[in-house]
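Inspection log for the structure reproduced underneath, given as structure tokens.
The values are calculated or read from the model by the stated rules, or taken from the named source; none is laboratory data. On a predicted model such as this, the values are computed, not experimentally measured, just so you know. Backbone-built Cβ (ideal geometry, glycine too); neighbour counts: all protein chains shown. Ligands, DNA and RNA are excluded from the accessible area calculation, which covers all protein heavy atoms including side chains. Shrake-Rupley method; radii C 1.70, N 1.55, O 1.52, S 1.80 Å.
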Amino acid sequence: MKILVLNAGSSSLKYALYETSPEAAASDSDQLLCEGLVERVTTMPDALKTAFADLTPALGGEAVTGVGHRVVHGGTFPGSMIIDASVESAIDQLSALAPLHNPRALAAYRAAREHVPQATHVAVFDTAFHQTIPRHAYAYAIPPEYQAEKKLRRYGFHGISHRSVALRFAKLHNKPPEDFRLVICHLGNGCSVCAVDRGKSVDTSMGFTPLEGLVMGARSGDMDASALLYLISHEGKDPAVLLQMLNNASGLQAVSGVSNDMRDILKAANAGNDSARFAVDMFCYRARKFIGAYIAAMNGADALIFTAGIGENSAPVRAGICADLDQLGIAVDPELNNTASHEARRIGNSAIAVWVIPTEEQLMIARDTLACIDKLAG
Ligand code: ADP
């Protein structure tokens, strides 16, 4: 059957069409028929029109059976959901927590429903994989009414990616995910580390929003909340301006003064730019700190895995993060690390093995959509 995957970003729409079935998914033989990106999206109906014009030949006259929508914030939904009126309304209500993302996903859903009303539409959440995180790890140590009424807690993001990597690692070893304790570093524009204990997320570095944790392209990551309150009360800063600063003008971009793109920063660092070098060092140190924390959280680990744009492609950053971790049982093999490849591969044979595994978020969304349709059919 034909499954369409839609990933609505703040100004773009990514799409991918798969031919798949329960058997194909089980044997990894799903076929990617077509994929594309609509940039500078003004309205989702227009973006969907462009996408469907591209998809029509690939459909070859067949109908789309299911559409999988990537939804960043799914609150406490523990898994992917067929979108009905109540799920649609829940995603809408969660827009307050993810104002840049959820409204776009809803707009894409509504526009897609016009194009393929007969299809089953499924929401695949970035938060769902982290719903197994125990309370001592997801709660903030603040008065309970803030958690109960204001829903202030850590949710975690990048769950679709972390789950796809954990499943792939187990499959590569011909073993169930329950056999492994993994520390996964998703290092893209957004960055997060996840502790996956026997198939379940037990901690992750992003929190109430994707701002917490690692240094990212343009996000600060961890910071003492009182520093912001100080700026508000003593400097009269506007909270909206600070939110924008922390999410869009901080991180690698601010520290390097060069760019939010790791390729540009590495180039500048190699050319002797001290701020760029410092940004890379800070990025690596923060990641290393979380890796140590998550090994402690699981009382050990079988593998450390790198994924996403920086994790999959940057040997110097992987080497920088893993430097001086030999006492923890982590070491990358320089030759394996420096060999460019787009395949899943081991780059370190230390006690905690080091791997690079390309993230497969789109495929994961297609498979979840398929699984929901399959369940519905009984
Ligand atoms: P997103 O989070 O938007 O999906 P990606 O996973 O594509 O982003 O990651 C984007 C990041 O990956 C950028 O910082 C980019 O510089 C970095 N990147 C991609 N290729 C390389 C490379 N060869 N070396 C270093 N960084 C890279």
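Across the range 139-145, computed HN-Hα scalar couplings (Karplus, 6.51 cos²θ - 1.76 cosθ + 1.60, θ = phi - 60°) run 6, 8, 7, 10, x, x, 4 Hz from first to last residue, x flagging Gly and Pro. Would you please classify the overall shape of the range 130-281 from the alpha carbon gyration tensor, given that a ≥ b ≥ c denote the square roots of the eigenvalues, rounded means a/c under 1.5, and beyond that prolate means a/b larger than b/c while oblate covers the rest? Cα axes put the range 130-281 in the oblate bin.
Amide H contacts of Ile83: His121, Val122, Ala123, each under 5 Å away and 5 or more positions distant or on a separate chain (H built 1.01 Å from N in the peptide plane; Pro and chain starts excluded). The phi torsions of the range 207-217, fed into the Karplus equation with coefficients 6.51, -1.76 and 1.60 and a -60° offset, translate into couplings of x, 4, 9, x, 7, 6, x, 6, 6, 10, x Hz, rounded to whole numbers, with Gly and Pro shown as x.
Can you tally the net charge around Glu19? Count Lys and Arg as +1, Asp and Glu as -1, for every other residue whose Cβ sits under 14 Å from the Cβ of Glu19. Could the numbers behind the result be given before it?
Values: positive: Lys2, Arg367; negative: Glu23, Asp28, Asp30, Glu35, Glu62.
Summing Lys/Arg as +1 and Asp/Glu as -1 gives -3.
For the range 96-190, calculate the relative contact order in percent as a whole number, restricting contacts to Cα pairs under 8 Å that are 6 or more residues apart. List each step's numbers first, then the result.
Details: 53 pairs, mean separation 20.6, N = 95.
That works out to 22 percent.
What share of the DSSP beta bridges in the chain is antiparallel, in percent to the nearest 5?
Values: 30 of 50 bridges.
So the antiparallel bridges amount to about 60 percent of the total.
Within 11 Å, Cβ to Cβ, of Gly213, how many net charges do the neighbouring residues add up to if Lys/Arg are +1 and Asp/Glu are -1? Intermediate results must be reported in sequence, preceding the final value.
Values: positive: Arg154, Arg219, Arg286, Lys289; negative: Asp203, Glu212, Asp222.
Here the count lands on +1.
Using a 1.4 angstrom probe on heavy atoms only, work out the carbon and sulfur share of the accessible area of the chain in %. Each step should come with its number before you reach the end.
On the way: 9220 of 17400 Å².
Here it works out to 53 percent.
Secondary-structure-derived ellipticity at 222 nm for the chain, considering helices only, amounts to -13000 deg cm²/dmol, per-run term -39500 (n - 2.57) for DSSP H runs with n ≥ 4. Pairs with C-alpha atoms separated by more than 28 Å, drawn from the list Lys2/Lys151; Lys14/Lys151; Lys151/Lys171; Lys49/Lys171; Lys150/Lys237, are Lys2/Lys151; Lys14/Lys151; Lys151/Lys171; Lys49/Lys171. Reported value for the range 46-198: 151 Å³ per residue, from the convex hull of its C-alpha atoms.
Judged by the ratio a/c of the largest to the smallest principal axis of the C-alpha gyration tensor, the range 234-378 counts as oblate, that ratio being 1.5 or greater while a/b is no larger than b/c. The residues of the range 74-166 expose, per residue, 45 Å² of accessible area to a 1.4 Å probe. Working note: Karplus 6.51/-1.76/1.60 with θ = phi - 60° gives the range 85-96 the couplings 4, 6, 5, 4, 5, 5, 5, 4, 5, 6, 4, 4 Hz, where Gly and Pro are set to x.
Find how much the distance from Asn248 to Asp326 grows on full extension, using 0.36 nm per residue of separation minus their present alpha carbon separation; answer in nm with one decimal. Don't jump to the answer; show the numbers that get you there.
Working: separation 78, 0.36 × 78 = 28.08 nm, distance 3.49 nm.
Working it through step by step, the gained length comes to 24.6 nm.
By the rule of a C-alpha distance below 25 Å, with chain neighbours fewer than 8 residues away ignored, the lysines paired with Lys175 are Lys200, Lys375. Rounded, prolate or oblate for the range 13-85? Axes are the square roots of the Cα gyration tensor eigenvalues, ordered a ≥ b ≥ c, and the cut-off for rounded is a/c under 1.5. In terms of gyration-tensor shape, oblate.
Straightening the chain between Asp92 and Arg346 buys 87.3 nm, computed as 0.36 nm per residue apart minus the Cα-Cα spacing.
Contact order normalised by length for the range 145-198, with contacts defined as Cα pairs under 8 Å and 6 or more residues apart; what percent is it? Averaging sequence separation for qualifying contacts and normalising by length gives 27 percent for the range 145-198.
Sequence-distant contacts, meaning Cα pairs under 8 Å at least 6 residues apart, place the relative contact order of the chain at 15 percent.
Between Ala166, Ala254, Ala128, the Gaussian network model of the chain with springs among Cα atoms under 10 angstrom shows the greatest mean-square fluctuation at Ala254.
The Cβ shell under 9 Å around Ala8 holds other residues with a net charge of +3, Lys and Arg each +1, Asp and Glu each -1. Per residue, the solvent-accessible area of the range 220-327 (1.4 Å probe, heavy atoms of protein chains only, all protein chains present) comes to 51 Å². Panel note: the C-alpha atoms of the chain, placed on their principal axes, show extents of 56, 53, 44 Å (largest first). Tell me the GluC sites (Glu not before Pro) within the range 26-81 that lie in a loop according to DSSP and have at most 15 other beta-carbon atoms within 10 Å. Of the GluC sites (Glu not before Pro), the ones in loops of the range 26-81 whose Cβ has at most 15 other Cβ atoms within 10 Å are Glu39, Glu62.
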